[in-house]
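Report on the structure given below.
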Amino acid sequence: SLADGAPALEKVLAAYPASLLLGGLAMALTLAITIPLGAWLGARPGGAARGGARAVLFALQGFPGFVIALLLVHVFAIELVWLPALGFSGPASWILPAVSVATFLAPKLVRLIEANVGAALSSGYVRTARAIGATEREVLWRHALPNALLGAIALVGAQFAFLVTGLVIIETIFAWPGIGWLLVQSTVNLDFPVIQAITLVVVITVFLVNSAAEWLQRRADPRTRPR
């Protein structure tokens, strides 16, 4: 590092766990929201409640992540003073960054799961399950949803790679000590060795996450396995 003489890769690896933590929390929250919501929307396309939920998702999909983050900070940290806005001091300081990222990622994944569930419910194997006496709940959760999630695995892998490597603005807003925050500081200081080390870690992370998503998709879907 040109700033302090420390090994560049060590500085990046020291900041990497914070980015992994934020990515893991945000992805867990995203999945906890999107899977049941996507299944609920795909099971019955009509209804006023579902129409309202789709309108909210459509609106959220048009908001950049940093706008959502700033709104959450203004409401919950400044106006209500419920949560800290900055830092990495404990679980309370993790909530706003994780919710900001999950709110940005969830709409696209919900719409994908909704479309896949709707397609699965009109397929032949679902009609067969209904014919042998399966309830609508069993049809949705045991037959349609597991198959609908197969198409979402690739998107989840791509989103997680973005979470770990592309949260520069979110980490800057919340002063989150991850590699995004380190990238901003290194760019301001023209610390090129650290920037190069961050690029190396980003490339390796994207490769590993995409490889894991492809492996998981092959394990989950027998049709994609090599014969």
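The values are calculated or read from the model by the stated rules, or taken from the named source; none is laboratory data. As the structure is a computational prediction, the values presented were derived from the model and not from experiment. Every residue, glycine among them, receives a Cβ derived from its backbone with ideal geometry; neighbour counts consider all protein chains shown. Calculation scope for accessible area: heavy atoms of the full protein, side chains included, ligands and nucleic acids excluded. Shrake-Rupley method; radii C 1.70, N 1.55, O 1.52, S 1.80 Å.
Of note:
- Length released on extending from Ala48 to Ala119, taking residue separation times 0.36 nm less the Cα-Cα span: 23.4 nm
- Computed helical MRE - 222 nm, the chain, DSSP H runs ≥ 4 contributing -39500 (n - 2.57), nearest 500: -23500 deg cm²/dmol
- Other residues within the sphere of radius under 15 Å centred on the Cβ of Phe160, judged by their own Cβ, net out at 0 (K and R +1, D and E -1).
- Most mobile listed residue (Gly87, Gly38, Gly178) in the chain, GNM with C-alpha springs under 10 Å: Gly87
- Computed over protein heavy atoms with a 1.4 angstrom probe, the accessible surface ordering of Ser211, Ser122, Ser19, largest first, is Ser122, Ser211, Ser19.
- Net length gained if the chain between Leu216 and Ala154 were fully extended (0.36 nm per residue, minus Cα distance): 21.4 nm
- This structure gives mean projected area of the Cα convex hull in nm², computed directly, and of (i) 13.7; (ii) 15.6; (iii) 10.9 that value is listed as (ii).
- Probe 1.4 Å, accessible area per residue of the range 107-225, Å²: 53
- Principal-axis analysis of the Cα atoms of the chain puts helix 192-220 at an angle of about 20° to the longest axis.
- Rounded to the nearest 10 square angstrom, Arg130 shows an accessible area of 90 square angstrom against a 1.4 Å probe.
- Highest-fluctuation residue, Trp176, Trp94, Trp141 considered, GNM on the chain with Cα pairs under 10 Å: Trp141
- Of the peptides 152-158, 103-109, 73-79, the ranking by mean beta-carbon count within 10 Å, highest at the top, reads 103-109, 152-158, 73-79.
- Relative to the longest principal axis of the Cα atoms of the chain, helix 48-61 runs at roughly 30 degrees.
- Between Leu208 and Thr128, the contour length at 0.36 nm per residue exceeds the Cα-Cα span by 24.9 nm.
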